[in-house]
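Structure first, commentary second.
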Amino acid sequence: MPTLKERIVRALRDRPGLTDRELTDLVIGPGQPQQPVNEAARDLERLGYLSRRRRPDGLIGNFRAKSAVASPPDSGQPVEDRDPLSENSIKSVLEKWLHKHSWVPTIAWGRTRGPDIDARRRKERWLIEVKGRGGSPQEQGNYFLSALAELLQRMSYPNARYSVALPDLPRYRDLWKRLPSLAKSRLQLSALFVDERGAVREKKK
C-alpha cells in the first residue's frame, strides 16, 4: 500500500498546485483532518520533492519539484536513516500500520514538538510516544523512562488511548514486563513492539 507521502506525490503529478485541503480530500477522504497531509507536504518540501507557494488565488499550493524523482523515500524518513529500529523507522512503520487500521495519524518527525504520534479515528484518539534502538542497555533504559514521562505529561484526555512504541528487543520487553501491572491498568497503557521486519504487536500486560 502506498504511503501517504507517495500518494501526495502521485496526486500532484496529475493535478499540480493542490492545497493541503484539496490533497486531503483526494488522498485521505472528504472532510478528513488535513494535519497529516500538511505535515507530510512540509516534510516533502524539506526533502526537495515539493515546492509550496502561493497560487494566483492567494492560497498555498503544492507543486512537484522539477528535480524530484518518481517516489519519495519510504514514509519520508531521512534518506540516510536506514536502521529499521530507529525512531524515524518505527514512526514510518506505525504510520502505515495505523492507516491500515483506519486511523489518521499525525507524525512528529525529527524535533517537532508535541506527541510523536497523534492518531484519530472518528471520535477516538490515540497518543503514542516512540523510541528507537538505543546504543546500550543503559541508554535503552533511559529511553524507556523518557517515553513514559513524556506520555504521562500528555494524559489530558480521559477517553484517549496511550501507548509507548519500542523496538522489539529483549531489553525493552524486559523493561515493559517489569513495569507493574497495576500501573499499566490504572493508566490504561499499552506497548507497541516493532520488529526489524515491520511487524507490530500491542502488549497491554
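The values are calculated or read from the model by the stated rules, or taken from the named source; none is laboratory data. Model, not experiment: these values are computed from the prediction. Every residue, glycine among them, receives a Cβ derived from its backbone with ideal geometry; neighbour counts consider all protein chains shown.
Structure notes:
- Residue in the stretch 1-13 that is modelled with the lowest pLDDT, counting only those that are outside any helix (DSSP H, G or I) and surrounded by fewer than 15 Cβ atoms within 10 Å (Cβ to Cβ): MET1
- One residue alone among LEU98, LEU152 is without any contact (Cβ under 8 Å) to a residue 60 or more places away in the chain and crowded, with 20+ Cβ neighbours inside 10 Å, and that residue is LEU98.
- The one condition in (1) touching a residue at least 24 places away in the same chain (Cβ under 8 Å); (2) closer than 30 Å to GLN34 by Cβ; (3) crowded, with 19+ Cβ neighbours inside 10 Å that ALA147 fails to fulfil: (1)
- Filter result (surrounded by fewer than 16 Cβ atoms within 10 Å (Cβ to Cβ) and touching a strand residue (DSSP E or B) at 6+ places or on another chain (Cβ under 8 Å)) within the stretch 14-49: PRO16, GLN32, PRO33
- Exclusive hit being assigned to a loop (DSSP other than H, G, I, E, B) and not acidic (Asp, Glu), set TYR162, TYR157: TYR157
- Failed condition for ARG64, given (1) surrounded by 15 or more Cβ atoms within 10 Å (Cβ to Cβ); (2) touching a helix residue (DSSP H, G or I) at 6+ places or on another chain (Cβ under 6 Å); (3) at pLDDT below 85; (4) more than 30 Å from GLY135 (Cβ to Cβ): (3)
- Number of residues in the stretch 118-159 that are under 17 Å from GLU202 (Cβ atoms) and either of a type in the set (Asp, Glu) or not assigned by TED's automatic domain parsing to the domain that holds ALA108 (or both) equals 2.
- Out of GLY114, GLY135, sole residue that is in a loop (DSSP other than H, G, I, E, B), over 27 Å from SER185 (Cβ atoms) and of a type in the set (Gly, Ala, Ser): GLY135
- Assessment of the stretch 160-182 against the conditions (loosely packed, with under 15 Cβ neighbours inside 10 Å, hydrophobic (A, V, I, L, M, F, W, C) and either in contact (Cβ under 8 Å) with a residue 60 or more places away in the chain or in the same structural domain as ASP83 (by TED's automatic domain parsing) (or both)) yields at least one matching residue.
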